[in-house]
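The values are calculated or read from the model by the stated rules, or taken from the named source; none is laboratory data. All figures in this text were calculated on a predicted structure; none of them were measured in a lab. FYI the Cβ positions are ideal-geometry reconstructions off the backbone, even for glycines, and counts take in every protein chain you see.
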Amino acid sequence: MSTVLILGATSDIGMAIARKFASRKFDIQLAARKPEQLQPLQSDISIRFGRSCSIHAFDALNYGSHASFFNSLVPRPDITICVFGILDEEELAFDNWTIAERMINTNYTGAVSILNIAAKYYISQHDGTIIGISSVAGDRGRASKLIYASAKAAFTTYLAGLRNKCFREKVHVMTVQPGFVYSKMTENQPLPKPITSTPAEVADIIYKAYGKKKNIVYVKWFWRYIMLIIKNIPEFQFKKMKL
Ligand SMILES: NC(=O)c1ccc[n+]([C@@H]2O[C@H](COP(=O)([O-])OP(=O)(O)OC[C@H]3O[C@@H](n4cnc5c(N)ncnc54)[C@H](OP(=O)(O)O)[C@@H]3O)[C@@H](O)[C@H]2O)c1
């Protein structure tokens, strides 16, 4: 019986991942900064899939609580999935350091803090999986996603380093690179339907990629090629573009 910990379980993508893994007979640990909001999901998982599903308080920005949070989990999870993240208004973040700092710390520092702890535990067990939800935005910096993209770029780089660090210890680290996804984060943005995923599609792709022990997975697959083209635009041209 394997257990999956979902960090940021109130997120639309996190809830879809919880349902997907529960439907495949995994027990679920839901962790979020507003745990009281997780009760409907907990009941749904317990009733529909008959799996054990527990709720835990977790704040990505409360670094000092991360070790006791992880060590108090019974059982310790076999898979830790880091889903939380924030996308604030970039112009506000450019003007206001408090907003920029929160975006950097949620998308990067908080993720590193908790995943270092999970990774040390998995290394001691010579077993375990870490899955990090980053973003294609981190593949190249641009004006309209100045702070968010740079924090996600740092997170993507951290996951690559962690994968390298953990490989010989039989710990698998998977990076998930979603493009556009319909969720609370993007509800005010007009998204192009053909290249936008639903949270359920993201969860399906993550589950399949986990089974195949993929290192990096783009959601949907063509985002890898979209980003390849974007990454190859020469800087002297890219800096003039409105993106
Ligand atoms: N939607 C997209 O187009 C898209 C594209 C690429 C990548 N992503 C990434 O996918 C992940 C999931 O996002 P989503 O689209 O599902 O958006 P979402 O529904 O807005 O979820 C974001 C989640 O992050 C949680 N969170 C924020 N600050 C936190 C903190 N300090 N501690 C713990 N949890 C915190 C939120 O919790 P509360 O419920 O308490 O606010 C919420 O559950 C994020 O990492 C996002 O960057 C999304």
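Here is how the numbers come out for the structure above:
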read-out	value
Residues of the range 143-166 satisfying the condition of being farther than 26 Å from ALA18 by Cβ and within 14 Å of the ligand (Cβ to nearest atom)	SER144, LYS145, ILE147, ALA149, SER150, ALA153, ALA154
Elements of type helices (runs of 4 or more DSSP H) contained in the range 54-171, each with 3 or more residues being surrounded by 22 or more Cβ atoms within 10 Å (Cβ to Cβ) and within 18 Å of the chain's Cα centre (by Cα)	110-125, 146-166
Subset of the range 197-243 that is among the aromatic types (Phe, Trp, Tyr) and within 30 Å of PHE21 (Cβ to Cβ) - its residue that is modelled with the lowest pLDDT	TRP221
Selection count where residues are under 19 Å from GLU201 (Cα atoms), polar (S, T, N, Q) and in a helix (DSSP H, G or I), scope the range 1-51	1
Filtered residue count, the range 20-40, keeping only those that are touching a helix residue (DSSP H, G or I) at 6+ places or on another chain (Cβ under 7 Å) and away from the ligand (no atom under 11 Å from the Cβ)	6
Breaking point among (1) within 16 Å of the ligand (Cβ to nearest atom); (2) more than 16 Å from ALA118 (Cβ to Cβ), for CYS53	(1)
